[in-house]
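To start, the structure under review is shown below, and the notes come after it.
None of the figures in this text is laboratory data; all of them are computed from the coordinates on show. Everything numeric here is computed off the predicted structure, so don't read it as measured data. Quick reminder, even Gly has a Cβ in these numbers, built from the backbone with ideal geometry, and neighbours come from all protein chains shown.
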Amino acid sequence: MSTVVEPIPRGTLGRRIGRGFQDWIPAVVVFVAGIALWEGLVRGLDIQNFLLPPPSDITQTLWTERDTLWSAGWFTFQEALGGWLIGCSAGVLVALVLARWRRLATALMPYAIAANAIPIIAFAPITNNWFGTLNQTSKMVIAAVLCFFPVLVNTIRGLTSVRPQQLELMRSYAAGELATFRRVRFPNSLPYLFTGLKVGTVLAMIGAIVGDYFGGSQDALGIQIRRQAGVFAFTEAWAAIVVASILGIAFYAAVSVAERLAMSWHPSMRGAAD
Amino acid sequence: MSDQAVVSLKGVDKEFGTGGVVALQGIDLDIGEREFVSLIGPSGCGKSTLLRIMGDLIQQTHGDVVVNGKPPHQARLDRDYGIVFQDAVLLDWRTVAKNIALPLEMMGWNRQRRADRVRELLDLVELSGFEGHHPWQLSGGMQQRVSIARALSFDPPLLLMDEPFGALDEMTRERLNLELLQIWEASKSTVVFVTHSISEAVFLSTRVVVMSARPGRIVGLVDIDLPQPRTIETREEARFAELTRDVRRLLREGGGFDAAEPTDEEEYIVAEEGL
């Protein structure tokens, strides 16, 4: 009756957080090839600069205009981050209330799910009108509203989709509601919550930039993109878009890293090489 | 026996919904201290429901239930029983050690005492060295051993087991049967064990309760007088075959073999509804 299976050695923290360097090689190759193809096609087919500038020009503009671009990027990122923080906090708080008082949830959830499906970004001119065109608040509001619904819907799903037997188990230990929440419901909701938070980063960036498009401070990235495109300075517009992309990806990646740290126990967080 | 019964059921009925399905009908059963009682019957006969009534996870419609000399509600609050389900029901985000320590945490044991107890239990279920693993890193049999260790952690006088080995392959199941008997002999607990398997019921139990197809009634009790401790050879004894036949005959009387309708799981109302 001896144990046949040996304990599995646990991976290092690095292994559990990220994939190995070798796993990234194919993705890097695709990136480099894509950029080279873009450059080659634009130069080879003599494509006009206003249609599609070559990556080398965009990179050059990124460098020469770096101060303006990054300060505008930071300005808009603050809008996105602020909106994300407000929207996600509100989403989680409301989810906690609705998960606790189910009857309320039954009444409100259809609207939350419907709201999740409507293009909230269409309200951007309205929030500009309500909260002021030139300040960051109006963009934070639209970003917050965009983040709110997916975080709400996902968190509720996570808090309530607990396996019935886990609840029976807690009941057998005479666990109160708070203990059950802390030990079962909350940890169970984490994968769902993080899905909402990650979707939220993308929506918050969209909200902030599109909010800028409808009018905002001269320091905002969205305004820069719109203005440069308006005066046919497409290389500058593209450079601003690259800045927005880098910030968006960094934001998403930061939340992903937090997710991996918070859920290192989760099978999906194993390194791909396992 | 009834004055020292760990579980005493008198005229227990269970209906689901108003005027709906009758799951259990007129159940009378006394389970004494140190007994190992198996409940066996066709799918949907209410054996899991009966187990949950003992654990105050659901309430009977009629009848009296006494667990450890008190109403089941009080017994649950006093943590008089440990429960093991068909799935191990481990919390995925906790390591093996922390899963075992879960009830102890809730009982307010301090860290040192918990660690000591977990070490003993890991030893008991032969999982030493796995304390830092997460459930997904273990096989089904190992997960179920963790679940048993967790149920035993606070030394409850009663152990309720709901088809704990039902999802395991035959070889693992027989090995865990032997381990469970060793654990039962070492502890002072009473075991109520729900199973689909006739040979498992006969092999493990001191008494087998045979139930009929829905509505679940007790068709008969079979005293299992096989010598203790049971070993691998027990299953080959002539007496084992006789007792198996007795149980099978009772199951047939209860309609256990013509229940054509494949009701897969027991119907018990669960607290949770997904949104």
* For residue A:49, enumerate residues with amide H under 5 Å from its amide H, sequence gap 5+ or separate chain, H modeled in the peptide plane. => none
* To do: Calculate how steeply helix B:170-186 sits against the longest principal axis of the alpha-carbon atoms of chain B, using the helix alpha-carbon long axis, and give the answer as 0 to 90 degrees to the nearest 10.
  => 80
* Structure fact -> Note on chain A: alpha-carbon gyration tensor, axes a ≥ b ≥ c; rule is a/c under 1.5 for rounded, else prolate if a/b larger than b/c, else oblate; result oblate
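For a quick check: sort A:192, B:81, A:213 by the number of other beta carbons within 10 angstrom, fewest at the front. Walk me through the numbers before you get to the answer.
Details: A:192 20, B:81 27, A:213 16.
Starting with the residue having the fewest Cβ neighbours, the order is A:213, A:192, B:81.
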* Could you grab the relative contact order for the stretch B:85-155? Cα pairs under 8 Å, six or more apart, rounded to a whole percent. => 51
* Structure fact -> Between residue A:177 and residue A:253, the two model label points (7 Å from Cα along the beta-carbon direction) sit apart by a distance in nm of 4.3
* For the stretch B:85-155, with only Lys/Arg (+1) and Asp/Glu (-1) charged at the beta-carbon, what is the dipole magnitude about the Cα centre, in debye rounded to 20? -> 200
* To do: Could you pull out every residue, at least 5 positions away or on a different chain, whose amide H is within less than 5 Å of the one on residue B:5? Hs are placed 1.01 Å off N in the peptide plane, and Pro or chain starts have none.
  => none
* **³J(HN,Hα) computed for each position of the stretch B:230-239 - Karplus, 6.51 cos²θ - 1.76 cosθ + 1.60, integer Hz, glycine/proline x** => 6, 10, 4, 6, 3, 5, 9, 6, 5, 4
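If the stretch B:85-155 were replaced by its equivalent ellipsoid, with semi-axes equal to the square roots of 5 times the Cα gyration tensor eigenvalues, what would those be, largest first, whole Å? Don't skip to the answer; put the middle values down first.
Values: eigenvalues 62, 29, 25 Å².
Working from the Cα gyration tensor, I get semi-axes of 18, 12, 11 Å.
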* Rounded to 10°, Cα long-axis angle of helix A:186-213 versus longest principal axis of chain A -> 20
* To do: Provide the per-residue ³J(HN,Hα) series for the stretch B:203-212, in order, calculated from phi with Karplus coefficients 6.51, -1.76, 1.60 and θ = phi - 60°, each as a whole number of Hz, with x at glycine and proline positions.
  => 5, 7, 8, 8, 8, 10, 9, 9, 10, 8
* Once phi is turned into ³J(HN,Hα) by the Karplus curve 6.51 cos²θ - 1.76 cosθ + 1.60 with θ = phi - 60°, what whole-Hz value does each residue of the stretch B:21-27 show in order, with x for glycine and proline? -> 5, 8, 8, 9, 9, x, 7
* Reachable lysines, given that their alpha-carbon falls under 21 Å from the alpha-carbon of residue A:139 and they are not under 8 places away in the same chain -> A:198
* Restricting the count to DSSP beta bridges whose residues both fall in the protein assembly as shown, what percent are antiparallel, rounded to a multiple of 5? -> 50
* To do: Amide H neighbours of residue B:220 under 5 Å, at least 5 residues apart or on other chains, H built in the peptide plane: list them.
  => B:210
* Asked: Straight-line reach from residue B:10: which lysines have Cα under 18 Å away, leaving out those fewer than 8 places along the same chain?
  -> B:47, B:70
* **Sorted largest first, extent of the protein assembly as shown alpha carbons per principal axis (Å)** => 95, 50, 50
* **In degrees, nearest ten, helix B:140-152 long axis to first principal axis of chain B (Cα)** => 90
* **chain B - charge dipole about Cα centre, Lys and Arg +1 at Cβ, Asp and Glu -1, debye rounded to 20** => 560
